[in-house]
Amino acid sequence: MNRWINIGYGNVMNADKIVAVVSPDSAPVKRLVQAAKDAGTAVDATQGRKTKGVIITDTDWVVLSALLPETISGRCQGE
């Protein structure tokens, strides 16, 4: 069954597809995001705001969110 969570500013995604939620500050994550943008597998769900969380899915898509990773993971856990 699909479980949808809000990832900020009216954007939702299937929580069952999330593999990891990480901070965008480290160099490896920045390289991952840039590689996803180059490959066309990045989704910018920030609505023009600063990227605070990066969601990695089981299908190797990268979703950029304006919410903190702690907020997103809390919503995945149903808190």
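Compute the signed sum of charges (Lys and Arg +1, Asp and Glu -1) over the other residues within less than 13 Å, Cβ to Cβ, of R3.
Computed value for this residue: +1.
Over all directions, average the projected area of the Cα convex hull of the chain and note it in nm². Please list the in-between numbers first.
Numbers: hull surface 20.1 nm².
In nm², the orientation-averaged hull projection of the chain is 5.0.
Between D44 and D60, what is 0.36 nm times their sequence separation minus the Cα-Cα distance? Round to one decimal in nm. Kindly include the intermediate steps, with their values, before the conclusion.
Numbers: separation 16, 0.36 × 16 = 5.76 nm, distance 1.45 nm.
That works out to 4.3 nm of additional length.
In degrees from 0 to 90, rounded to the nearest 10, what is the angle of the helix 27-39 Cα long axis to the longest principal axis of the chain?
90
Based on the Cβ-Cβ distance of K30 and R75, what FRET efficiency does E = 1/(1 + (r/R0)^6) give at R0 = 22 Å, to the nearest 0.05?
Efficiency, rounded to the nearest 0.05: 0.35.
Just want to confirm a number: the relative contact order over the chain, from Cα pairs under 8 angstrom separated by 6+ residues, in percent.
Values: 129 pairs, mean separation 25.7, N = 79.
Here the relative contact order equals 32 percent.
Quick one: length gained pulling S23 to M1 fully straight, 0.36 nm per residue minus the C-alpha distance? Don't jump to the answer; show the numbers that get you there.
Working: separation 22, 0.36 × 22 = 7.92 nm, distance 2.78 nm.
Value of the extension gain: 5.1 nm.
Run the dipole for the chain about the Cα centre, Lys and Arg Cβ at +1, Asp and Glu Cβ at -1, nothing else charged, and hand back the magnitude in debye, nearest 20.
Roughly 200 debye, rounded to the nearest 20.
Here, each number is a calculation from the coordinates, and none is a lab measurement. If you're wondering where the values come from, they're calculated on a predicted model, not measured in any experiment. Please note: Cβ atoms are built from the backbone with ideal geometry, for glycine as well, and neighbour counts cover all protein chains shown.
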